[in-house]
Amino acid sequence: MTLDVVIRPVKQADFNSIVPWIRKETWPANADILAIYQAQDPGGFLVAEHKQHGVIGCVTFIQLDDSTTMIGLFIVSEEHRGEGVGRLLWNEGYRRNADRALCLVASPHMASNYRSKGFTQIGTNVEEYLGFPDITKLPDVLTNEQHSYKEYSPEYFDKLLDYDTSVHIIQRKMFLEMYVNLKNSKTVVCICNDGEVLGYACLVQLDTNAYLLGPVLCETDNIACNLAIHVLKYLPKGASLAVYIEDSKTKFKDLMTQIGLERGKVYPRMETSTFMIQNPMHKMYASSTMSTVII
């Protein structure tokens, strides 16, 4: 079986195969989001193509800067699991990145496998919240902060990028520019009195009636809640919502429960020992896309 498999860079035509596997796992991505990963590092988004069955698996080893690689979207179609396809994908991605700092968020059942590959679980997990929210249960604001919450416009981009870079250390200009401009999506920005950005939240349409709240990147749990309150006003009635929240953000999790979302899987964050050495200022944050920089 594996002798008939070729590992190669992804093509946009492959997204039609990949997206249904991802959505079945409840991972939040669509073809537009996959295109962002491909644009960030075309050689790092790999697929396994079988001679007869076509594309049967994928993984991303996205090189974010000169020393750091994000791993994600590691999946093999159900009918081809246990045949060694995942090993071929991993080995090819790792071959290109063996001397780099690696980070990911693991599917719960894969955590032990990553430990065997030299990854260590760090102090925070990512919790999944899913469901059909009742937006009428959102409060007007969580606290009376002296901040403004504005719908994103291009005039905010440079300060948005500065803030994003201050959190991640890695500059993600291409990713951020494409992400805040995804079709049928909204971004809200938190701005303090001096005009500086203190955070942002994106509401992304995954398909006709399904949305992702993320990333929610901000300074405090209160700001995370207020960003969510403002951006969820754009969620269509009856749409489903997925949110992935750092487990320490208790107010944000309580707010999602208040509007009717249910807690799902818990995903451990993992990294190689070189990650924090090479990225000592890296901060964690409230919510993610599960496939952007925190995984």
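The values are calculated or read from the model by the stated rules, or taken from the named source; none is laboratory data. All values derive from a computational prediction rather than experimental measurement. Note that each Cβ is placed from the backbone with ideal geometry, even for glycine, and that neighbours are counted across all protein chains shown.
From the list ALA111, ALA39, ALA29, pick out the single residue that is part of a loop (DSSP other than H, G, I, E, B), modelled with pLDDT under 95, among the hydrophobic types (A, V, I, L, M, F, W, C) and not assigned by TED's automatic domain parsing to the domain that holds LEU213.
Just one listed residue meets the conditions, ALA29.
Condition first: within 15 Å of CYS218 (Cβ to Cβ) and either modelled with pLDDT of 95 or more or among the charged types (D, E, K, R) (or both). Can you find one or more residues in the range 124-134 that meet it?
no
Could you check the range 76-96 and list, in sequence order, the residues that are in contact with a Ser or Thr (Cβ under 9 Å, 6 or more places away or on another chain) and buried (at least 19 other Cβ atoms within 10 Å of the Cβ)?
The first filter runs over the range 76-96 and keeps only residues in contact with a Ser or Thr (Cβ under 9 Å, 6 or more places away or on another chain), leaving 77, 83-85, 87-88, 93, 96.
Matches in the range 76-96: SER77, VAL85, LEU88, GLY93.
Considering each residue of the range 101-121, count those that are buried (at least 20 other Cβ atoms within 10 Å of the Cβ) and either more than 19 Å from ASP247 (Cβ to Cβ) or small (Gly, Ala, Ser) (or both), and give that number.
Number satisfying all stated conditions: 3.
Please state which one of THR136, THR120, THR208, THR165 is touching a strand residue (DSSP E or B) at 6+ places or on another chain (Cβ under 9 Å) and β-branched (Val, Ile, Thr).
Within the list THR136, THR120, THR208, THR165, the selection yields THR120.
Mind checking which residues of the range 13-43 are under 13 Å from ASP207 (Cα atoms), crowded, with 18+ Cβ neighbours inside 10 Å and in contact with a helix residue (DSSP H, G or I) (Cβ under 7 Å, 6 or more places away or on another chain)?
Matches in the range 13-43: VAL19, ALA29, ASN30.
Where in the range 130-248 are there strands (runs of 3 or more DSSP E), lying fully within it, with 1 or more residues that are hydroxyl-bearing (Ser, Thr, Tyr), surrounded by fewer than 17 Cβ atoms within 10 Å (Cβ to Cβ) and outside the structural domain of ALA39 (by TED's automatic domain parsing)?
Details: elements: 148-151, 186-191, 197-207, 210-218, 240-246.
The qualifying strands (runs of 3 or more DSSP E) are 148-151, 240-246.
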